[in-house]
Amino acid sequence: MAISVQTLLDRLELGLRLVTGSPSAVRQELTWALASEVPDPSPYVEEGELVLTTGSRLSPDAEAWRRYVERLCEAGAVALGFGVSTYYPEVPDDLVAAAAERDLPLLSVPVETRFGAISRVVADCLSDERQKELNFAVAAQRDLSRASLAPYAARAIVQRLARAIQGWALVLDEDGGLRAGVPAGRMHLPRLRIDLPRLRERGGASSLSMTVAGESVVLLPLTVRSSIRGFLAVGRGTPLTRSEQAIVTTAVSLLCADLHSARSQLESQRRNRLAVFKVAIEGDVGLASSIADSLSTDFPQGDLRLALLGAPPGHELELLEHAESDYGLRSLCALVAEWERGRVVVLMPPAEGDVRTLEALLRRIPLARGAVSDPTPAAELPEAWHQVRTVFTSAPGRSGKLAFASDVATAGILRHLRSDEARGWATALLAPLSDKGRSSKIDLRNTLRTFLAHNGQSDASASALGIHRHTLRYRMGKVAEALGRDIDDPTVRAELWIALQLDEQL
């Protein structure tokens, strides 16, 4: 427990008597005891000190006592000890009135009690208190270090930190999502998330102190390799002491180390996925699958669709992380790897809505684009990879859109049809499909595209879409109905194919 004015009053050997002062003022923490007889000791007074004086050099009038007390309060003194003597046998009434007005605890120090004795008591108490705080901090830091070795380190660290500071603690990810925390702090999450952008702007070495719902809260960044990867928030009803601040600093270091370890593991997994992909596009799918099993990496089976996605400078990591965490791709057990900075490759089995999944991913990233192959037998992946890279490089495409590798054959004639009139014709021709798609869960446009890409072969088209051939026949009937065209007519098919290419380049 910290030393206060009440601590000195409880030391009966000092013989101190409280002349005036409220109970709350008497409980204020003392940082030192300063004896001074100068008329204005405020230049020498620091926050939290007890000032001791006999008043021998002060003018014995009410105004002088009032100014004296005001200067002490402004300097941060928390109490005044007045030593009675032959000069002042009693504490002056004007001094008592001035101290009472400012609620400055005023102590009467008897003649037999020397100021040096009071100073020694304060010094001894402070020394004991600091030793206790040091022992407490060392024990808490040791406990946090043991927690960092637990399987779920962040959760264990937060729980023990909250117990050490007798408050609450939360760990947030870089987007403000909750990673770990005690229940008492979770109610403050919406308020804390408001201040995260402000803390990001300050950089990795700053912290924020604030009051949230009457509690003192500190928000600190968790920095790994100069980048903020998360946040630690701690709070309770009173501000943290110095030893508690040291404990929080230790927790920050341990949480950053945990994030760095997780980051290193993630980078290792990314290298593994890229190695598997490189083996696969060399044509040895069996070896790629075997390596994937050994490295605990997903590798899809059967016919595969291959995609190359790209993002402009400044959004490279954003593209990679979105692709890695995309629920649709993960549900397909897709292999996602970073081919090079700003370029992500995806190897996935063909399924209903797979192209829309990739396009939805691209739309999350400003100016992102991509190229994708048709469903391809695993043995033909090297050729599919060559086509995808060619299309990605030669056809800039539209942001959020995918270019198809099968477009290589028509790329030459399309260069001559890039007029506004041709694109307007394509948009108008395909508009009924877009209108129909907005009111239906069936992607008729992609169904048509897949059907044409497979030269109208029902079995191959249905397999690529992951549906039964009867379902494909039903959908193509809806396409023909919406367009008012005979899909079996070769001229109509050619027009529709060219229209799809032109519209997708808009």
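Observations on the structure shown:
- Any chance LEU287 is touching a residue at least 24 places away in the same chain (Cβ under 8 Å) and not charged (D, E, K, R): no
- Test: residue in the range 178-185 that is out of contact with any Leu (no Cβ under 8 Å at 6 or more places or on another chain), assigned to a helix (DSSP H, G or I) and of a type outside the set (Ser, Thr, Tyr): yes
- Residue pairs meeting the criteria (Cβ under 6 Å; at least 6 apart or on separate chains; first without any contact (Cβ under 8 Å) to a residue 24 or more places away in the chain, in the range 479-490; second not in a helix (DSSP H, G or I)): ALA480/ILE487
- Test: residue in the range 226-236 that is small (Gly, Ala, Ser), out of contact with any Asp or Glu (no Cβ under 8 Å at 6 or more places or on another chain) and at positive phi: yes
- Residue within the range 298-305 that is touching a residue at least 24 places away in the same chain (Cβ under 8 Å) and of a type in the set (Lys, Arg) present: yes
- Those strands (runs of 3 or more DSSP E) lying entirely in the range 320-380 with at least 2 residues more than 23 Å from LEU448 (Cα to Cα): 335-340, 343-348
- Counted as qualifying within the range 200-277 are no strands (runs of 3 or more DSSP E), as none has 2 or more residues that are under 17 Å from ALA162 (Cβ atoms), acidic (Asp, Glu) and within 15 Å of the chain's Cα centre (by Cα).
- GLU63 vs. criteria without any contact (Cβ under 8 Å) to a residue 40 or more places away in the chain, assigned by TED's automatic domain parsing to the domain that holds ASP10, in contact with a helix residue (DSSP H, G or I) (Cβ under 7 Å, 6 or more places away or on another chain) and surrounded by fewer than 16 Cβ atoms within 10 Å (Cβ to Cβ): no
- Among the residues of the range 406-437, the one identified as farther than 17 Å from TRP497 by Cβ, at pLDDT below 70 and out of contact with any Asp or Glu (no Cβ under 8 Å at 6 or more places or on another chain) is SER419.
- Condition broken by ALA99, with the remaining ones in (1) part of a helix (DSSP H, G or I); (2) surrounded by fewer than 20 Cβ atoms within 10 Å (Cβ to Cβ); (3) not assigned by TED's automatic domain parsing to the domain that holds PHE231 satisfied: (2)
The values are calculated or read from the model by the stated rules, or taken from the named source; none is laboratory data. The structure presented is a predicted model; accordingly, all values stated were derived computationally and were not measured. Glycine also receives a Cβ, built like all others from the backbone with ideal geometry; neighbour counts cover every protein chain displayed.
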